[in-house]
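Sending over a structure as structure tokens; questions will come in a sec.
The values are calculated or read from the model by the stated rules, or taken from the named source; none is laboratory data. Note that this is a predicted model, so its numbers are computed, not measured. Counting neighbours? That spans all protein chains shown, and the Cβs are built from the backbone with ideal geometry, glycine included.
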Amino acid sequence: MPIIRVEKVCHTYSPGTPLEVAALKDITLEVQRGEILALAGSTGSGKSTLAMMLNGLLVPTKGCVLVNGQDTRLKKNRRDLWRQVGLVFQYPEYQFFEENVFKEVAFGPSNMGLPSAEIEERVNRSLEWVGLDPETIRQRSPWTLSGGQKRRVALASVLAIGPNVLVLDEPTAGIDPAGKRQILDLIKNLQKKRDLTVVLITHNMDDIARTADRLMVLDRGTVFALGTPGKIFEDHRGLRAIGLDIPYAAEAKSRLNSAGIPVQTESLNIAEVEKEIIKYLRLKKQ
Amino acid sequence: MKTEQNFISFDGVSYFYEGGESPAINNINAEIRRGEFIAVLGANGSGKSTLARHMNALLLPSRGRVLVNGMDTRNADKTMEIRRLVGMVFQNPDNQLVAALVEEDVAFGPENIGLEPGEIIARVDAALRVAGLENLRNRPPHLLSGGQKQRLAIAGALAMRPDCLVLDEPTAMLDPGGRKEILSLLLNFKKERGMAMVFITHLMEEALLSDRVWVMARGRIIADGSPRQVFRDTRLLDNAGLEPTPAALTAARLKKAGWDLPDDILDLDELVDFLCRL
């Protein structure tokens, strides 16, 4: 059963003015419980607009969004929606304002009026979930942390609210390769071990290849493709035409094939492509 | 060392943030020549942004000195001139936009330095064209998408016609197509106008296009050379918390599996070419 249903959603900014922009046009989407759904699209394709609709920060001008059956248009549902669907914005660390990590992560649960023991427990648990040691990090100023650590603290502060769905807007932008890998592994773990549903908004096709179960590609407010990443990434030309790219493994596969080195795997895992290369080299040697 | 060509030079520069125990950048000695394209790579916290902010006097050295076109950045009388010569674009565009309309935002800098209206219009048009924002010129910046805002920040900097443009991960929020497009437009602009460019990035494929790469780690420049020289040194990259290009990694793994591949494969073209010739 889908946890989020987006039904024939349209969204127009500044309607009826000369600045009118149709950001989303007739979008229908079901986010399944426990999946990692990636949302890709070039700049201005409507990804972030759609993301803000998933927890009622923005309400569609036409159509509706249902989260666990609750309509985001109804005001009485909003408070609950914010708790169920956690939104992590681009560069979330720019929004830090507390003096230490504990207070930063405790901000959400404190606002929910939880007893202090429960707050304590939630902060510790969320920090552990993002791979940070609560004891050593809780008193540190968020500003003294590395880029990757800051990003994980921001993630923990949303997890502390206890959402079922995490919406992540470019979670690895501006993070170095090692930090990037940690964050992607972490997202996978949250899905597998904590049963979270994840909507991952990104321009990074390799991040999608590495983590996503399904992929929706938006182009100027409409659905360009919806399906498994493996299938969608076969359309190199189409994706490039709308300003996207394909992951390294898919690119390698296609270049090798057209150079006469047969690579038969469907996988987007580069290790599988390399196995095929070795097979070819062995045959050639004989 | 101090030839005519050195546009910016760092002489033994260290910088300590308030309360910081170790320097964010440590004894930097380096030069940027006129018209040169330098890519700066390094893990988060390696000192890249601190280094960049010294190039137009946004930060002043705790030790050592920075000269821009011969002017010491610590000389407050020269700050305005230095900032006109060296433009800066940051990662987060929201902090850099000031006006109510896109074109006004781009015109803000040129107006502030008192240019003629005709000149302002010419510069704004050219900058909007380079950034691919011509058809959005009459929109309010807050209605732009994240990537469009980033393009706008770049246009604003270009309209000042700097001799050197310092970009701190300006493509982090752009889609792959936009990223390639902006970089090639910047390269054209650089070629036409002889503008130097310092480009901070995490993306090896962007750094491959530069004349010179600086690799930073723990506040120091630990490598300074052509992209080819620097990228084949996997131990150095590892030490800096960086990853070789994906094609180099594939080549390295094939090598480990017992196949004889050269060390200097950096992209897929080179990899496929070599495999075909085997």
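Are any residues in segment B:202-216 within 19 Å of residue B:28 (Cα to Cα) and touching a helix residue (DSSP H, G or I) at 6+ places or on another chain (Cβ under 7 Å), and if so, which ones?
B:213, B:215, B:216
Give the number of residues within segment A:79-90 that are touching a residue at least 40 places away in the same chain (Cβ under 8 Å) and not in a strand (DSSP E or B).
Residues meeting the conditions: 5.
Further question on the same structure: Hey, could you check segment B:104-129 for residues that are buried (at least 21 other Cβ atoms within 10 Å of the Cβ) and aliphatic (A, V, I, L, M) and say which is nearest to residue A:41 (Cα to Cα)?
B:128
So in segment A:247-264, with the set limited to residues that are assigned to a helix (DSSP H, G or I) and under 19 Å from residue A:215 (Cα atoms), which one is farthest from the other protein chains (Cβ to nearest Cβ)?
Among those that are assigned to a helix (DSSP H, G or I) and under 19 Å from residue A:215 (Cα atoms), it is A:250.
Another question, if that's okay. Does residue B:10 meet the test of being surrounded by 16 or more Cβ atoms within 10 Å (Cβ to Cβ), touching a strand residue (DSSP E or B) at 6+ places or on another chain (Cβ under 8 Å), within 14 Å of chain A (Cβ to nearest Cβ) and not β-branched (Val, Ile, Thr)?
no
Still on this structure, I have one more. Which of (1) within 30 Å of residue A:190 (Cβ to Cβ); (2) out of contact with any helix residue (DSSP H, G or I) (no Cβ under 7 Å at 6 or more places or on another chain); (3) at the interface with chain B (Cβ under 10 Å from one of its Cβ atoms) is the odd one out, the single condition residue A:284 does not satisfy?
Result: residue A:284 passes all but (1).
While we're here: From (1) within 14 Å of chain A (Cβ to nearest Cβ); (2) in contact with a strand residue (DSSP E or B) (Cβ under 8 Å, 6 or more places away or on another chain); (3) surrounded by fewer than 21 Cβ atoms within 10 Å (Cβ to Cβ); (4) not acidic (Asp, Glu), pick out the condition that doesn't hold for residue B:95.
Only one criterion in (1) within 14 Å of chain A (Cβ to nearest Cβ); (2) in contact with a strand residue (DSSP E or B) (Cβ under 8 Å, 6 or more places away or on another chain); (3) surrounded by fewer than 21 Cβ atoms within 10 Å (Cβ to Cβ); (4) not acidic (Asp, Glu) is unmet by residue B:95, namely (2).
Pick out the one residue from A:137, A:161 that is in contact with a Lys or Arg (Cβ under 8 Å, 6 or more places away or on another chain), of a type outside the set (Gly, Ala, Ser) and either within 14 Å of chain B (Cβ to nearest Cβ) or buried (at least 16 other Cβ atoms within 10 Å of the Cβ) (or both).
A:161
Please enumerate the residues belonging to segment A:164-214 that are away from chain B (no Cβ under 14 Å) and part of a loop (DSSP other than H, G, I, E, B).
The answer is A:164, A:195, A:196, A:212, A:213.
Okay, residues lined up against (1) more than 9 Å from chain A (Cβ to nearest Cβ); (2) touching a residue at least 24 places away in the same chain (Cβ under 8 Å):
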residue	(1), (2)
B:116	yes, no
B:124	yes, yes
B:132	yes, yes
B:135	yes, no
B:138	no, yes
B:145	no, no
B:150	no, yes
B:155	yes, yes
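Okay, moving on. Could you check segment B:241-266 and list, in sequence order, the residues that are touching a residue at least 24 places away in the same chain (Cβ under 8 Å), within 10 Å of another protein chain (Cβ to nearest Cβ) and charged (D, E, K, R)?
Answer for segment B:241-266, where residues must be touching a residue at least 24 places away in the same chain (Cβ under 8 Å), within 10 Å of another protein chain (Cβ to nearest Cβ) and charged (D, E, K, R): just B:243.
Residue under question is residue A:74, and the condition is that it be more than 28 Å from residue A:238 (Cβ to Cβ) and within 14 Å of chain B (Cβ to nearest Cβ); does it hold?
When the stated conditions are applied, residue A:74 does not pass them.
Conditions tested, residue by residue: (1) at the interface with chain B (Cβ under 9 Å from one of its Cβ atoms); (2) part of a loop (DSSP other than H, G, I, E, B); (3) of a type outside the set (Val, Ile, Thr).
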site	(1), (2), (3)
A:17	no, yes, no
A:26	no, no, yes
A:31	no, no, no
A:34	no, yes, yes
A:37	no, no, yes
A:44	yes, yes, yes
A:51	no, no, yes
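Another question, if that's okay. May I ask you to verify whether residue B:174 is buried (at least 22 other Cβ atoms within 10 Å of the Cβ), part of a helix (DSSP H, G or I), without any contact (Cβ under 8 Å) to a residue 60 or more places away in the chain and under 19 Å from the mean Cα position of the chain (by Cα)?
no
All but one of (1) surrounded by fewer than 21 Cβ atoms within 10 Å (Cβ to Cβ); (2) within 11 Å of chain B (Cβ to nearest Cβ); (3) hydroxyl-bearing (Ser, Thr, Tyr) hold for residue A:267; which doesn't?
Failing condition for residue A:267: (2).
Is it fair to say residue A:10 is of a type outside the set (Gly, Ala, Ser), surrounded by fewer than 16 Cβ atoms within 10 Å (Cβ to Cβ) and either free of Cβ contacts under 8 Å to residues at least 24 places away in the same chain or more than 14 Å from chain B (Cβ to nearest Cβ) (or both)?
Here the answer is yes, as residue A:10 does meet what is asked.
Separate question: Hey, does segment B:129-145 have a residue that's touching a strand residue (DSSP E or B) at 6+ places or on another chain (Cβ under 8 Å) and of a type outside the set (A, V, I, L, M, F, W, C)?
The answer is no; no qualifying residue exists.
Still on this structure: Which ranges mark the strands (runs of 3 or more DSSP E) fully within segment B:189-278 that have 2 or more residues being surrounded by fewer than 18 Cβ atoms within 10 Å (Cβ to Cβ)?
Because the criterion is at least 2 residues that are surrounded by fewer than 18 Cβ atoms within 10 Å (Cβ to Cβ), the strands (runs of 3 or more DSSP E) in segment B:189-278 that meet it are B:220-225.
Please specify each residue of segment A:65-78 satisfying the condition of being assigned to a strand (DSSP E or B) and under 21 Å from the mean Cα position of the chain (by Cα).
Within segment A:65-78, A:65, A:66, A:67 qualify.
Related question: Against the conditions (1) surrounded by 15 or more Cβ atoms within 10 Å (Cβ to Cβ); (2) modelled with pLDDT of 95 or more, where does residue B:77 fall short? Just the number, please.
Unmet for residue B:77, out of (1) surrounded by 15 or more Cβ atoms within 10 Å (Cβ to Cβ); (2) modelled with pLDDT of 95 or more: (1).
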